[in-house]
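All of the numbers you see were taken from the coordinates with simple rules; none came from a lab. Treat the numbers as computed from the prediction; the structure is a model and nothing was measured. All Cβ positions, glycine included, derive from the backbone under ideal geometry; neighbour counts span all protein chains shown.
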Amino acid sequence: MDIEKFEKDMAVFSDKAHHEALNYLKHLKLCGWSIEQASEWLEIKRTNKSVRQASTGRYTKICDDCKSLMYLQPVNSSRGDQTGDPTDTFVWFCPNQNCMNTIYIKDTEEQIKARGN
């Protein structure tokens, strides 16, 4: 095994992430499930909850680019969150540092909730 290449290729993951992934994969196998079935389950969960309001009052959805959880943030509400377009009201923000996808929208919170995205 080329340890240096492995460490370079997998450097984005912490030792803890490797440990958790191995535990997850071992448990899948022990219970008779495949990685494909786990992936299918996750996709079903994501599409059924594309937008939800958490107990904190925050809306979330799945990022189309990287599949991380995006958060809805208000914009143009203070000096620190100006977008340059005064009609922007919210931004979907992906906190994944390798993605950082942002989607500015002009909808009200009621429209976002009613549309479900």
Ignoring everything except DSSP H segments at least 4 long, calculate the 222 nm mean residue ellipticity for the chain; use -39,500 (n - 2.57) per segment, divide by total residues, nearest 500. -11500 deg cm²/dmol
For segment 69-117 the trypsin sites (Lys or Arg not before Pro) that pass both the DSSP coil test and the at-most-13 other-Cβ-within-10 Å test are Lys106
Coarse-grained scattering of the chain at q = 0.13, 0.14, 0.22 Å⁻¹, given as base-10 log I(q)/I(0) from a Debye sum over alpha-carbon atoms: -0.71, -0.79, -1.27
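Contact order normalised by length for the chain, with contacts defined as Cα pairs under 8 Å and 6 or more residues apart; what percent is it?
In percent, rounded to a whole number, it is 15.
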Relative to the present Cα-Cα distance, how much length would full extension add between Ile3 and Glu36 at 0.36 nm per residue of separation? 9.2 nm
Between Asn76 and residues 5 or more places away or on another chain, which pairs have amide H atoms under 5 Å apart, with H built 1.01 Å from N, and which residues are they? Asp81, Gln82, Thr83
Report the dimensions of segment 1-48 along its three principal axes from the alpha-carbon atoms, largest first, rounded to Å. 39, 25, 17
Roughly how tilted is helix 15-31, in degrees to the nearest 10 and between 0 and 90, from the longest Cα axis of the chain? 70 degrees
